[in-house]
Amino acid sequence: AAAPAVYPGRMSLSAIELRVLGALTEKERTTPDAYPLSTQALVTACNQKTSRDPVTDYHMQEVLEALQKLRDKGLASTRQEVTDRVPKHTHRLAQALEVNADELALLSVLMLRGPQTAAELRSRTERYRVSLRSLEGFEACLAGLAARRVPLVENVGRAPGQSQDRWNHTLGVREERLQPRVRPPSPENGEGGQTTPPLAVVLRRLEELEARVAALEARLEG
């Protein structure tokens, strides 16, 4: 087997890659007897109606394509033992990110449900059998993930009507990366940097042009 990939920088995982990883990490902790997952079980886990935001309807081919991308990145693996009727899939996220079981549980719920408060994460990770108990413990774990050289979570502020800050993972594609890069305008630039000159400049140029025309007329008359 290939050595686990340790990521020194931010990941840029697509929505479906995050859902596949979240489903794998969830089922490893919540239904260990059924883990690793078959392809059909993984599709079902990705599209289940509970504990998911948003609820999705990915097709098997889409999930298989996402799995291949995750394998290429060293974040998932597929194997088929002699006793297995079909191939089974596992994640390798814990090794790649060097996180413990409690940290992985928080990342898993964030991948599956988006931004959440520490209190919501405390409630929603009960099925993961985490060792954390107090709200302070969850906040400290989140702070530790955010304080890494390359943060794995970030504080995204409060939602309307909420009194607590929310947290989100940093494993997805950053929105600013999707924005087209625009070169800042510069008066010296030609295309791509053209600006409208101030009115005073326009008037000065007009006066200069009129003076040149008058000079030419005078020379012609002379």
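The values are calculated or read from the model by the stated rules, or taken from the named source; none is laboratory data. No experiment lies behind these values; they were computed from the predicted model shown. Please note: Cβ atoms are built from the backbone with ideal geometry, for glycine as well, and neighbour counts cover all protein chains shown. Please note that ligands, DNA and RNA were not included when accessible areas were found on the heavy atoms of the full protein model with its side chains. Shrake-Rupley method; radii C 1.70, N 1.55, O 1.52, S 1.80 Å.
The residues of the stretch 1-157 present an accessible area of 49 Å² per residue when probed at 1.4 Å with all protein chains retained. Dipole check for the stretch 59-176: with +1 at the C-beta of Lys and Arg, -1 at the C-beta of Asp and Glu, and the Cα centre as origin, the magnitude is about 260 Debye. Within the accessible area of the stretch 1-149, the carbon and sulfur atoms contribute 52%, probe 1.4 Å, all protein chains present. The H on the amide N of S38, modeled in the peptide plane, is under 5 Å from the matching H of H89, each at least 5 residues off or on a different chain.
For the stretch 1-119, the spread of Cα coordinates along the three principal axes comes to 44, 34, 25 Å, biggest extent given first.
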